[in-house]
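Data block below; observations after.
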Amino acid sequence: MSIVRPDRIKPEQEVKPPIFEHVIQSGITRESLIVLHETEGIGNATIRKIVDQGYQLLYPSLSDASKLREGEWRELGAKPEQASAIVASFRPDVLASRVQWHLKHEVQLVTYLDEGYPPLLREIADPPWVLYYKGNWKLTAQLCIGVVGTRLATAYGRKVAEELSARCANRLTIVSGLARGIDTAAHIGALRGEYGTIAVMASPINQCYPPENRQLYEQIAQKGLIVTEVAPGTKLHKGMFPMRNRIIAALSRGVIVVEAALKSGALITADLAMGYNRDVFIVPGPVTSPSSQGALDYFRQGAYPVLDESDIFFVYQHDIDINGSAAKEHSTKRLIGSEGEKLTPNEQLIYDILHNEPLSIDEIVDKSGMSFGHLHSVLLSLTIKRRIHQQPGSVYNVL
């Protein structure tokens, strides 16, 4: 029979991130987290339920999980079939085979309980409990920026993703998903930079997907970091890709969308980033291109336009050394736009209004008399022409 701690009974509430101290006080160990995570039929939500119950109950205790019986696992929140699978997973022969697998494939693990676990991942409601990796884990402690986009990238999108990632990687680490198209271009470019790249996979650590990126996978494992939360032996299915996207969004301080159609999976990452209070950046593309429609829509939601790496460095200027030697080495050639382009009458009007002081978009509407929709178009055009810059909070200033 379970015994509840009376001071830990809580009313029903929305799902919030686990409280780290509560996870510690649940009694669960690093080894037990790994066993639960690698048990077939046990997902993140079940582990969360077990940890929450472990925190609230005096008995049964998770401190010696290997000795718990099926009935005790059920009291901790597992379903009957899950409880049976968990008990089987704690058998010594099963534990030994798992350790051997990790050693054979040269895989390392970080759990939610470990000191090296990325703090940004602890901020989300469904953090990965276990991460498998190959490469340089220290990259997760750097300032990371996600770069995502369509798998069906245009030549323009691939070129911009590769070059922008290469330039940004001189000051920060690029995170992407090792998918075809924009992801691939971003990783290739970032490998040229000092701060490298992190590939977050939707497949087990030993299974490169897509297969044609195997050589890129090996390069990243040597020079960057490959990471996944997917347990060994798990069959790849489409639900794993949104799960992967949440890690990209959470691990990054901001996410750059290079190209994305209206139904692109990259928009899931952008939506998650906004939900996690991360910055979202959009590379402007042709308004007539289907590959740009989904990304361009984020300008209406206050996303930052990105024309080259300086737009990223400006936002994070207090977190990176923008005057360091690596920063001086990058090309001064603009990726998009030109400062010498002539202004239209409406653009000149807005430019003159902003000349004296930075203004919010509401203040610009009042001073200019333009409709919001028309003004938004003018502001975007001025930004692309490198005449103004958007600050946090949709405040604009002249350059």
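The values are calculated or read from the model by the stated rules, or taken from the named source; none is laboratory data. What you see is a predicted model, and the numbers here were worked out from it, not measured in a lab. Methodologically, a virtual Cβ is constructed for each residue, glycine included, from the backbone with ideal geometry; neighbour enumeration extends over all protein chains shown.
Being closer than 22 Å to residue 130 by Cα, surrounded by 16 or more Cβ atoms within 10 Å (Cβ to Cβ) and not aliphatic (A, V, I, L, M) is the filter here, so list the residues in segment 210-233 that pass it.
Hits for segment 210-233 are 217, 224, 228, 229, 232.
When segment 218-242 is examined, which residues are found to be modelled with pLDDT under 95 and of a type in the set (Ser, Thr, Tyr)?
234 - this is the single residue of segment 218-242 that is modelled with pLDDT under 95 and of a type in the set (Ser, Thr, Tyr).
Being touching a Leu at 6+ places or on another chain (Cβ under 6 Å) and outside any loop (DSSP other than H, G, I, E, B) is the filter; apply it to segment 224-244 and report the residue that is farthest from residue 177 (Cα to Cα).
So in segment 224-244, the residues touching a Leu at 6+ places or on another chain (Cβ under 6 Å) come out as 225, 227, 229.
Retained after the next criterion (residues that are outside any loop (DSSP other than H, G, I, E, B)): 225, 227.
Values: 225: 12, 227: 10 Å.
Across segment 224-244, the extreme among qualifying residues is 225.
Would you mind stating whether residue 207 is part of a loop (DSSP other than H, G, I, E, B), surrounded by fewer than 22 Cβ atoms within 10 Å (Cβ to Cβ), out of contact with any Lys or Arg (no Cβ under 7 Å at 6 or more places or on another chain) and outside the structural domain of residue 47 (by TED's automatic domain parsing)? Let's see the steps before the verdict.
Values: part of a loop (DSSP other than H, G, I, E, B): yes; surrounded by fewer than 22 Cβ atoms within 10 Å (Cβ to Cβ): yes; out of contact with any Lys or Arg (no Cβ under 7 Å at 6 or more places or on another chain): yes; outside the structural domain of residue 47 (by TED's automatic domain parsing): yes.
Judged against the criteria, residue 207 is a match.
Anything in segment 54-97 that is more than 24 Å from residue 230 (Cα to Cα) and among the polar types (S, T, N, Q)? List them, or say none.
56, 61, 63
Please state which of the following conditions residue 165 fails to meet, knowing it meets all the rest: (1) of a type in the set (Gly, Ala, Ser); (2) within 20 Å of residue 278 (Cα to Cα); (3) without any contact (Cβ under 8 Å) to a residue 12 or more places away in the chain.
All conditions pass for residue 165, except number (3).
Within the set of pairs 6+ apart or on separate chains, which have a first residue in segment 36-65 that is under 14 Å from residue 23 (Cβ atoms), a second that is of a type in the set (D, E, K, R) and at pLDDT 90 or above, and C-beta atoms under 7 Å apart?
Once the first residue is under 14 Å from residue 23 (Cβ atoms) and sits in segment 36-65, its partners that are of a type in the set (D, E, K, R) and at pLDDT 90 or above give 44/126.
Scanning segment 168-189 for residues that are among the hydrophobic types (A, V, I, L, M, F, W, C) and under 16 Å from residue 138 (Cα atoms), which turns out surrounded by the fewest Cβ atoms within 10 Å (Cβ to Cβ)?
Applying the first criterion (among the hydrophobic types (A, V, I, L, M, F, W, C)) to segment 168-189 yields 168-169, 172, 174-175, 178-179, 182, 185-186, 188.
This time we only want the ones that are under 16 Å from residue 138 (Cα atoms), so: 169, 172, 174-175.
Working: 169: 27, 172: 25, 174: 29, 175: 33.
Among those that are among the hydrophobic types (A, V, I, L, M, F, W, C) and under 16 Å from residue 138 (Cα atoms), it is 172.
Among the residues that make up segment 305-327, is at least one of them closer than 26 Å to residue 161 by Cα, modelled with pLDDT of 85 or more and small (Gly, Ala, Ser)?
The first filter runs over segment 305-327 and keeps only residues closer than 26 Å to residue 161 by Cα, leaving 305-327.
Subsequent filtering for residues that are modelled with pLDDT of 85 or more retains 305-319.
Still in the running and small (Gly, Ala, Ser): 310.
The answer is yes, given that some residue of segment 305-327 is closer than 26 Å to residue 161 by Cα, modelled with pLDDT of 85 or more and small (Gly, Ala, Ser).
For residues that are under 21 Å from residue 182 (Cβ atoms), buried (at least 22 other Cβ atoms within 10 Å of the Cβ) and over 14 Å from the mean Cα position of the chain (by Cα), tally how many sit in segment 123-161.
Counting residues in segment 123-161 that are under 21 Å from residue 182 (Cβ atoms), buried (at least 22 other Cβ atoms within 10 Å of the Cβ) and over 14 Å from the mean Cα position of the chain (by Cα) gives 5.
Return yes when residue 117 is assigned to a loop (DSSP other than H, G, I, E, B) and among the aromatic types (Phe, Trp, Tyr) and no when it is not. Show your work before the answer.
Working: assigned to a loop (DSSP other than H, G, I, E, B): yes; among the aromatic types (Phe, Trp, Tyr): yes.
Judged against the criteria, residue 117 is a match.
So residue 299 clears everything in (1) part of a helix (DSSP H, G or I); (2) of a type in the set (A, V, I, L, M, F, W, C); (3) modelled with pLDDT of 85 or more except one condition, right? Which one?
Residue 299 satisfies all of (1) part of a helix (DSSP H, G or I); (2) of a type in the set (A, V, I, L, M, F, W, C); (3) modelled with pLDDT of 85 or more except (3).
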